[in-house]
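The values are calculated or read from the model by the stated rules, or taken from the named source; none is laboratory data. This is a predicted model, so every value here is computed, not measured. Methodologically, a virtual Cβ is constructed for each residue, glycine included, from the backbone with ideal geometry; neighbour enumeration extends over all protein chains shown. Heads up: the accessible areas ignore ligands, DNA and RNA and are worked out on the full protein's heavy atoms, side chains in. Shrake-Rupley method; radii C 1.70, N 1.55, O 1.52, S 1.80 Å.
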Amino acid sequence: MPEAAGGAAAPAAVEHHTIDHVPETERHGRVRDLFTMWFGTNIAPLPLVTGAMGVQVFHQSFLSAVLAIAVGQLIGGVFMALHSAQGPQLGVPQMIQSRAQFGSVGALLIVVVAAAMYVGFFASNIVLAGKSLHGLAPAVPVDAGILLGAAGSAAICLIGYRLIHTLNKLATVVLGLGILAGLGTVVARGLPDDFLTRGSFTFAGWLATVSLSALWQLAFAPYVSDYSRYLPRTVRTASTFWATYWGSCLGSALPFLAGTVVALVSPDPDAVAGFHDAAGAFGPVLLLLFLFSVINHNALNLYGAVLSMITIGQTFRARWQPRVVARGAVSALVLAVALVIALGLSSDFVNHFVNLVLVLLIVLVPWTAINLIDFYLLHRGRYDFDALFAPDGGRYGRFNPVALGSYAVGIVVQIPFLATDLYTGPFAAHLGGADLSWLVGLVVTAPLYLLWARSRQRSGHGPGTVETTEEPPVALSGGRSDG
């Protein structure tokens, strides 16, 4: 294999790692790649649709909705970026690292939920791809567009990590300029007289919009470090954090803002169609950009689903070392399931899906709290990699009652604060439909797990910190020099 700068092997065009540890000799890339990675992938139709909900569903004024979006992005982005900062230190996918907290078998609970979320995201996005292609070329049926969009995302997923990063560098420029041009065109064509006065500030509606915005960022948590795990260990943790944070927050804020503007300008309840109409002659260009965006963004969902499915299989076949062929076979299986879902459900699938994702996030929020507390405060970035792949879980065992118990409590305390079409808890009802379940889940789970785990460690019943003299503890304020 050819050599890259610094003596490391040059990255292969087709990724050959799956869930295994990436050795230092195969690390590559720069921290700034994370900015383009998360900026480019966030400029997509689904955040546009989500951003419009502050005005369409919660009836906020323009300024109130924009403030809520900003607050939600800035808060949710913290948790998302803290997960990303783990990647260079660990070199393994996020779901594999969860075995250190929950045990090798206990972690399956999280992996299955994450896989379901990825498949759901993938299916909803290829529906949007089909609609975008149909809008560009009405002769192409939506179902045919769905198939073509899925095929494009599958090709990107199969090639893997390097192509995903490359495409998002391109997307940062093309989609960033495209959505700014689209917004400029909408404004230049004239805004309604009541643009700033329609709707009003209500605390409940504002909180609900903040939650939607924050949950968008939290949804990336299970797989964000999968895209930083190839960076050299020498990169500073703080640099990884900030590159991810600003890339993701700024990248998603743009389509959220566009969705808010379009919802006030266009009477069409479909924000994507409304943007197309409001942009006039620039509308077809936006549809073309959105088609590229959906295919590119959806490759991440398929990639995450595939890694999760491989993780499930490897749990029961510890000696299995899956590579490119395995990733291709699992990709085909996931692709088939997602296509059946997308083609078989009604045209309002995306609306149903949003509710499903909100429910799935309930079970991911406590995991986020446990994972971050464990990495930054308990193990401080030091893990036994052999144990992560051991048949019996090694020092981490098959089940960790502390993590699983904290996780269960974290789910239960969220239920009264949940607000979806499927169920609205009593506290959410009193708040006018504001879903604060994610905040309650984080606030309760984090200290519970920290205190319980430290108590178990002191008593000698928990998996203690892995001692090593090779790497210093991880800290956001300190760290190593940039790679």
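Semi-axes of the equivalent ellipsoid for the stretch 187-235, please: Cα gyration tensor eigenvalues, times 5, square-rooted, ordered largest first, whole Å.
Details: eigenvalues 300, 65, 12 Å².
One finds semi-axes of 39, 18, 8 Å for the stretch 187-235.
Could you tell me how many degrees, from 0 to 90 and to the nearest 10, lie between the Cα long axis of helix 401-412 and the main elongation axis, the longest principal axis, of the Cα atoms of the chain? Between helix and principal axis, roughly 20 degrees.
Tell me, Kirkwood radius of the stretch 36-193 from alpha-carbon pair distances, in Å?
After inverting the mean inverse Cα-Cα distance, the result is 18.8 Å.
For the chain, take N as its residue count and report Rg(C-alpha) divided by 2.2 N^0.38 Å.
Values: Rg = 21.9 Å, N = 483, 2.2 N^0.38 = 23.0 Å.
Computed over Cα atoms of the chain, the ratio equals 0.95.
Just the protein heavy atoms count here, and of the accessible area of the stretch 365-440 at 1.4 Å, carbon and sulfur take up 65 percent. Summing charges over neighbours of A65, with a neighbour being any other residue whose Cβ is under 15 Å away from its Cβ, gives 0 when K and R count +1 and D and E count -1. Solvent-accessible surface (1.4 Å probe) assigned to R317 amounts to roughly 150 Å².
What share of Cα pairs, in percent, lie more than 21 angstrom apart in the stretch 172-255?
Values: 1930 of 3486 pairs.
The calculated P(r) of the stretch 172-255 puts 55 percent of pairs beyond 21 Å.
Placing +1 on each Lys and Arg Cβ and -1 on each Asp and Glu Cβ, with no other charges, gives the chain a dipole about its Cα centre of roughly 900 debye.
For the stretch 92-206, carbon and sulfur atoms together expose 74% of the accessible surface, with a 1.4 angstrom probe and every protein chain in place. For M53, the accessible area of its heavy atoms, probed at 1.4 Å with every protein chain present, is near 40 square angstrom.
A Stokes-Einstein calculation at 10 °C with viscosity 1.306 mPa s, built on the Kirkwood radius of the stretch 117-261 over Cα pairs, returns a diffusion coefficient of 86 µm²/s.
Return the calculated 222 nm mean residue ellipticity for the chain, to the nearest 500 deg cm²/dmol, obtained by summing -39500 (n - 2.57) across DSSP H runs with n ≥ 4 and dividing by the residue count. Working shown, then result.
Details: 19 runs with 309 residues, N = 483.
One gets -21500 deg cm²/dmol as the mean residue ellipticity at 222 nm.
Based on the Stokes-Einstein relation at 10 °C and a viscosity of 1.306 mPa s, and on the Kirkwood radius from alpha carbon pairs, the stretch 16-63 is assigned a translational diffusion coefficient of 110 µm²/s.
Can you give the accessible area per residue of the chain, in Å², using a 1.4 Å probe? Each step should come with its number before you reach the end.
Working: 18050 Å² over 483 residues.
That works out to 37 Å² for each residue.
Proximity of backbone amide H atoms, modeled 1.01 Å from N, is registered between N400 and G103, G106 at under 5 Å, excluding neighbours fewer than 5 places apart on the same chain. When +1 charges are put on Lys and Arg Cβ atoms and -1 charges on Asp and Glu Cβ atoms, the dipole computed for the stretch 186-288 relative to its Cα centre reaches about 580 debye. Along the axis of the charge dipole computed for the chain (Cβ charges of +1 for Lys and Arg, -1 for Asp and Glu, origin at the Cα centre), the listed residues L158, G29, V224 are led at the positive end by G29.
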